[in-house]
1. What residue among G48, P204, I122 has its Cα farthest toward the positive end of the dipole of the chain, where the charges are +1 on Lys, Arg and -1 on Asp, Glu, each on the Cβ?
2. Specify the longest stretch of the chain that does not include any exposed loop site, a site being one of the GluC sites (Glu not before Pro) with a non-H, G, I, E, B DSSP assignment and at most 10 other Cβ atoms within 10 Å.
3. Using only C-alpha positions, report the orientation-averaged shadow area of the convex hull of the chain, nm², one decimal.
4. What aspartates and glutamates could a cross-link reach from K116, if we take a straight Cα to Cα line under 19 Å and drop same-chain neighbours fewer than 8 places away?
5. Only Lys, Arg, Asp and Glu count, each charged at its Cβ (+1, +1, -1, -1), so figure out the dipole size of region 100-154 about its Cα centre, rounded to 20 debye.
6. Report the trypsin sites (Lys or Arg not before Pro) located in region 1-56 that are in a DSSP loop and have at most 11 other Cβ atoms inside 10 Å of their Cβ, or state none.
7. Using just the helices of the chain, give the 222 nm mean residue ellipticity in deg cm²/dmol: DSSP H runs with n ≥ 4 each add -39,500 (n - 2.57), and the total is spread over all residues, rounded to 500.
8. By the scheme Lys and Arg +1, Asp and Glu -1, what is the net charge of all other residues having a beta-carbon under 14 Å from that of N166?
Amino acid sequence: MPCRIVLLGGPGAGKGTQARRLARSQGWPHVSTGDIFRAHVESRTELGTRIAPYMNSGQLLPDELACEIVAGRLSEPDCADGYILDGFPRSLPQAMGLDALLEARGERIDFAVNIKVPDDEIVQRLTERRICPECGKIYNLRLRPPVEAGICDDDGVALVQREDDNEETARDRLRVYHVTTEPVVKFFEIRGLLRSVDGSGKPPDDVTKKIEEIIRARNGG
């Protein structure tokens, strides 16, 4: 059944991990604004040069620019039967822009899942996070390390640490999140679309099961 889901939570709460898992199990595309933005920066496109200063400082992109990019992605054919939005909306104007965009198409978000993790745990997760640049798989040096240190289990590629995965930037990102993005949680709550999942100290499998339970309940399963 078609379903349009928004994943919410602080930076490092596990949105990307859960989005990839759900994309595999449910067959909906994983729409990651972070991946889209980073691809532009790495390719040094004109858009990438505009995005880079915000990405490097841990700040949010201007709402109009972020909405423009997401609108283009959601108009692609693979999103016709649903998708999992990861990293958007990150502000009230973005949430309102998404609402207006979907309303114009006769669509709506089915529900938003908020993965709740305390700030100190998020900082620890971010500073210990490593990513495979080839397949995008995410590891944690303490909680979910690779079998061979520094190497992706799936494709043997050396893992990397994102430039913004340091404590200072992590704290800055959290401050931005609390001021700018937390109101989005209330936005979906007021509309009766919010579902919350405890992600603190939980293995990814446990969080995935909880979200899949929400999906089954929505589909009447």
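1. The listed residue farthest towards the positive side: P204.
2. Working: sites that count: E148, E163.
The answer is 1-147.
3. Working: hull surface 47.6 nm².
It is 11.9 nm².
4. Within the straight-line cut-off, K116 pairs with D86, E128, D172, E182, E189, D198, D205, D206, E212, E213.
5. Details: 9 positive and 11 negative charges, 12 e Å.
Using Cβ point charges on Lys, Arg, Asp and Glu, region 100-154 gives about 60 debye.
6. On the way: sites: R4, K15, R20, R21, R24, R38, R44, R50; in loops: R44.
Answer in residue order: R44.
7. Values: 9 runs with 103 residues, N = 221.
After summing the helix terms and dividing by the residues of the chain, the value is -14500 deg cm²/dmol.
8. Values: positive: R125, R129, R130, R162, R171, R173; negative: E128, E163, D164, D165, E167, E168, D172.
Surrounding charge for N166 is -1.
Only the coordinates and a few stated rules stand behind these numbers; no lab work does. Please read all numbers here as calculations on a predicted model, not as lab measurements. Because the Cβ atoms are built from the backbone with ideal geometry, glycine has one as well, and the counts that use them run over all protein chains shown.
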